[in-house]
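For reference, the structure is listed below as structure tokens.
The values are calculated or read from the model by the stated rules, or taken from the named source; none is laboratory data. Note that the coordinates shown come from a computational prediction; the quantities given were computed from them, not determined experimentally. All Cβ positions, even for glycine, are placed from backbone atoms using ideal geometry, and neighbour counts span all protein chains on display. Note: accessible area is taken over every heavy atom of the protein model, side chains too, but ligands, DNA and RNA are not part of it. Shrake-Rupley method; radii C 1.70, N 1.55, O 1.52, S 1.80 Å.
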Amino acid sequence: MATPLDRRRFLRLAGAAAGGALAAGCHHEEDPYDLARPDVPGADGWVRGEERNVSTACAQCSAGCGTRVRVVEGRAVKIEGNPLSPVNRGGIGPRGLAAVQSLYDPDRIKTPLRRVAKGSGSKLEPIGWDEALALLGERLAGLRERGTPEQLAIVCGRERGLMLELWQRFAAAFGTANLFDGRDSADGVVAHAVRLMQGGHEPPAYDWANARYVVSLGSALLGSSCQLVAFARAQQERRVGTAGGRAKVVHFGAWRSRTAVNADEHHPLRPGSAAAIALGLAHLLVRDGAHDAAFVAAHGFGFDPWTDGAGVERPGLAARLADYSPERVAERTGVAAAELERIARELVAQKPSFVVAGGEELLLANGLETALAVHALNGLLGAIDRPGGLLTQRPAPLDPWPDLEPDEVATAGLARARIDGVGATRMASCGSLQDALPAALASGAVDTLLLHYANPAWSRPGAAQWRAALAKVPFVVSFSPYLDETCADFADLVLPDCSSLERWEDGAAAPSVGFPHFGIAQPAVATLHSTRATGDVVIALAKAVGEPLAAAFPWNDFRAALLKRVAGLHKAARGSIVEAKGSDFLKRLWEEGSWSEPGYRYEQWDEVLTTPSGRFEFAPQLLAQERAQIGAAGDGDVVPRHVELPAAPAARPWLLIAVRPASHATGGGANLPWLRRVATETQLPDGSTVAVLHPETARAAGVVAGAAIAIESEFGKARAIARLDPATAKGVVVVPEGGGHTAFGRYARGRGANVMELLAAGATAPQGSVAAARATHVAIQRSEA
């Protein structure tokens, strides 16, 4: 007997029929709403719709922001700021957001490459990892066998972090002093000034959360600076908290930059005159008795007359400031005396306050003098290691790696002079000078050159000089994950690094919060191609070279070396993560992305002031000693001063200033489509480079708005489109970095001009900590091409 067809049975049968029809339909035609999911390694271990959030650290700039990567079915689809990171508190910049595109760049190098032949007709062909490591290991072992380990040079673009320390360990064990890091930048100039006046090796951290008044001298604080995210988050919390409104920002700069637009005030400034502004403000503080006399008396040196090592009495800063009256400073800078008077009063009335300088001024020929003058002003404000001022970044309590004992070959190599002249013709406190390398490379001083996070054929000042020098190096090795200009034209061996989303590393954050902090970078996805993390390669290379390098690297991979250091955080038993078991500690560290010990301890002078005198030296004694050691010209006067820029030659009357746009990430960022869409002041939608000039400068050069112009220095020529802006300093041409790629993938190639072709390579003054990259004068004319 048939079962009665009630309502419930009818609906069940109808649903089954519909399901069968749907299944039959799907068998014959594609679902138009189905997402395209490219095959990626490891995806088969995920179930459909599964997603995870991986805590890691951004590697797109030196800020080291904590991030969270959303991974769906094994594919990274989105990056957000990690609210648990004290560096960025959940914020993230455009460069960090675009990092996922660096992972999936279709033009990534997918396997090691070896150059076949040299010169015209040469090409790169795939090679296996074992063969590549054996090839390089044999070459490096040969240098040690011949007793010439110093003929190995290493250029590492990192400014800090465990990868830089790993390279430093490799260089020390191998026997070469020729390792060059990424500190020859604007931050490097600040770090040099801090080392001379205060001690230490890092630029200061800025206490954005407590600052009420900030003076910017040519900085990109509100534009492309890596401090921007930290500043914005701290000030947002201040606005909504109980501390009262955000800090006032007063900007002095040579053009209408993003910082100038976003600041509360913008004062046009003649390029190279920031030191005069700083010393003029210092003059007013001292004249009015508004400086921190208690700090100067208790912790200062060289404010009053002092006696040098030769027994000669020298005038102090107080005497020097007499030359910087508001009227004289107005003549030198173009800033009205009344404005200087007002700003000096506000600096005192609205404390905590401090002054920060940036690359627009620090990378000029007088950059070190500017950094010294600014740091002296901060000392007079009482901003050193005080709330709302300049902090000293405390290190995290990491365990050390095993002590290293160089053998006889390494000891002899390390004793030989560096090829950049540091310690001989350049002050040892400079650290390293990449821009002094072209001459050394061209001379034949280097047999093998290793490049990590470095593309000097495109990114360094004097790019043409670099290319000529690279062509003379017998063997060049690049670890770039992309076929950049140096790889394409000069690398004999390419050992491609993994993406930052595929490898283990530390966050390597620039000084930011002051208190101890350690961020972790861990793989968010499986490695897509036949690439290897450079940390793993360095360890494998040490083993390929043989003893004693192999013994100096007792780990199987970089993760093991990282865990050795991280063990110190667990043993410290303090901070944001405390667990009895090491496995529980690591689990939380991987989940949270960082460890920190909040609560900055102010005015710990024995940790903050580590100069020879144990004081804040307004007259840096180390500067006097090092100038004497290298035979630098001068009268022994090391008190901060303003130094005029070199005069422009008649044939090239305009000063070129290269600026970094907000879309310029570490390594360039031109291969990331999202960054190309970031609106900038110096790039047109089609990628053409824009040069910004004052209308009077344009008239004198015979240029009109929107015209194509040729910009020519003694080193090269570039094409740009003229944009006129009366807020730009007269006599200046502002051109952005980041354009003019001839390689680096489909998204980067052929867009705009490379301003580095116009700049000079090579440091210009013995006391300089970087090349005067932006003290280049140019000619301008209409261009029909």
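Number of residues in segment 107-143 that are in a helix (DSSP H, G or I) and touching a Phe, Trp or Tyr at 6+ places or on another chain (Cβ under 9 Å): the value is 4. The residues listed here are 530, 512; of these, the one that is buried (at least 22 other Cβ atoms within 10 Å of the Cβ) and among the hydroxyl-bearing types (Ser, Thr, Tyr) is 512. The selection criterion, being open to solvent by less than 20 Å² (accessible area, probe 1.4 Å), within 21 Å of residue 184 (Cβ to Cβ) and in contact with a strand residue (DSSP E or B) (Cβ under 9 Å, 6 or more places away or on another chain), holds for residue 432. Scanning for something under 18 Å from residue 638 (Cβ atoms), touching a helix residue (DSSP H, G or I) at 6+ places or on another chain (Cβ under 8 Å) and in the same structural domain as residue 321 (by TED's automatic domain parsing), does segment 378-401 turn up at least one residue? Yes, segment 378-401 has at least one match. Every test in (1) modelled with pLDDT under 95; (2) part of a strand (DSSP E or B) is passed by residue 763 save one, and that test is (2). Taking segment 151-204 as the range and being part of a helix (DSSP H, G or I), out of contact with any Asp or Glu (no Cβ under 8 Å at 6 or more places or on another chain) and either open to solvent by 10 Å² or more (accessible area, probe 1.4 Å) or closer than 17 Å to residue 378 by Cα (or both) as the test, the residues that pass are 165, 168, 169, 172, 186, 189, 190, 192, 193, 195.
Applying the selection to segment 231-261, what residues are open to solvent by 10 Å² or more (accessible area, probe 1.4 Å), modelled with pLDDT of 90 or more and within 26 Å of residue 514 (Cα to Cα)? Listed by number, the list holds a single entry, 248. For residue 308, the conditions (1) touching a Lys or Arg at 6+ places or on another chain (Cβ under 6 Å); (2) surrounded by 24 or more Cβ atoms within 10 Å (Cβ to Cβ) are fulfilled apart from (2). Among the residues of segment 460-470, write down those that are in contact with an Asp or Glu (Cβ under 8 Å, 6 or more places away or on another chain) and either open to solvent by 20 Å² or more (accessible area, probe 1.4 Å) or under 15 Å from residue 670 (Cα atoms) (or both). Those that are in contact with an Asp or Glu (Cβ under 8 Å, 6 or more places away or on another chain) and either open to solvent by 20 Å² or more (accessible area, probe 1.4 Å) or under 15 Å from residue 670 (Cα atoms) (or both): 460, 464, 467. For the structure I just gave you, tell me whether residue 69 is at pLDDT 95 or above, open to solvent by less than 50 Å² (accessible area, probe 1.4 Å), at negative phi and not hydroxyl-bearing (Ser, Thr, Tyr). So residue 69 passes the test.
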